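The values are calculated or read from the model by the stated rules, or taken from the named source; none is laboratory data. Not measured: the values here are computed from a predicted model. With ideal geometry, Cβ positions are generated from the backbone for all residues, glycine too; neighbour counts draw on all protein chains shown. Note: accessible area is taken over every heavy atom of the protein model, side chains too, but ligands, DNA and RNA are not part of it. Shrake-Rupley method; radii C 1.70, N 1.55, O 1.52, S 1.80 Å.
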Amino acid sequence: MDNVRSAAYRTTAESIIKKLALRNMIGHYCETASDAVELVRALVANGESVTWGGSVTFSQSGVKDALTADGHPMIDRMAAHTPEEQDEMWRRQVSADWFFMSTNAITLNGELVNIDGNANRLALLLHGPKHVCVIAGMNKVVADVESGIKRVHTVACPLNAARLHTNTPCELTGVCANCHAEGCMCCQEVITRHSRHEGRIHVILVGEDLGY
Ligand code: SF4
């Protein structure tokens, strides 16, 4: 990364981290995804269980591979096939030590902006796992909540629709139609403005483009 971009990202991230602290969330900044991998390895204690939800960033950053290699129990919901297995998997996810996700956007004020269709990802953010670790590339930073929602509809959803084949207007035309389609990814819109539980939510900002 060039020096100008690197300095600007760090300065912005430091401002967001101060706002996160006011919201009882612990912020970190890593210049690269490899630095984020090392930070996560230091945060997650030996033997702690790990799960994740709908996050391209978790794989793309190398964090998933590193935690797997470190021997953590990895709770992968995609490994469940029957309804019974899915029920059991959900129970294990809810009681995991760590839940990893990205965020659809993070504001300069430290609010997390997320949408979800099935809402399992957001359910785990809101309650359950002992710790939540949000890993977000600086491409996810927006001015405010309204810009975050706009980012979801104009950037995150068209890309996720193309990835997941949701058959929604944002896949078929590339433009949000504020739909009520069967595969709608915007059933829930959640703004995390504060965490009641000290030390539960970590946010790692990374000075690279990660995820959608
Ligand atoms: S409301 Fe529907 S069309 Fe708009 S971004 Fe969400 S899923 Fe796509």
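Table for the structure above
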| read-out | value |
| --- | --- |
| Given (1) within 13 Å of the ligand (Cβ to nearest atom); (2) touching a residue at least 12 places away in the same chain (Cβ under 8 Å), number of the condition Lys140 does not satisfy | (1) |
| Output for segment 68-78, where each listed residue is open to solvent by 60 Å² or more (accessible area, probe 1.4 Å) and either β-branched (Val, Ile, Thr) or at pLDDT below 95 (or both) | Thr68, Arg77, Met78 |
| One residue from Ser195, Ser147 being touching a Lys or Arg at 6+ places or on another chain (Cβ under 8 Å), at pLDDT 95 or above and under 17 Å from Asn114 (Cβ atoms) | Ser195 |
| Enumeration of residues in segment 155-180 that are part of a helix (DSSP H, G or I), near the ligand (Cβ under 6 Å from one of its atoms) and more than 23 Å from the chain's Cα centre (by Cα) | Pro169 |
| Positions within segment 96-140 being of a type in the set (A, V, I, L, M), closer than 17 Å to His202 by Cβ and either open to solvent by 40 Å² or more (accessible area, probe 1.4 Å) or not in a helix (DSSP H, G or I) (or both), in sequence order | Ala96, Met101, Ile106, Leu112, Leu126, Val132, Val134, Ile135, Ala136 |
| Residue count, segment 184-212 (criterion: of a type outside the set (Val, Ile, Thr) and either touching a Phe, Trp or Tyr at 6+ places or on another chain (Cβ under 6 Å) or open to solvent by less than 30 Å² (accessible area, probe 1.4 Å) (or both)) | 10 |
| Residue within segment 34-54 that is open to solvent by 10 Å² or more (accessible area, probe 1.4 Å), at pLDDT below 95 and touching a helix residue (DSSP H, G or I) at 6+ places or on another chain (Cβ under 8 Å) present | yes |
| Qualifying residue in segment 1-21 (condition: among the basic types (Lys, Arg), closer than 18 Å to Trp98 by Cβ and surrounded by fewer than 18 Cβ atoms within 10 Å (Cβ to Cβ)) | no |
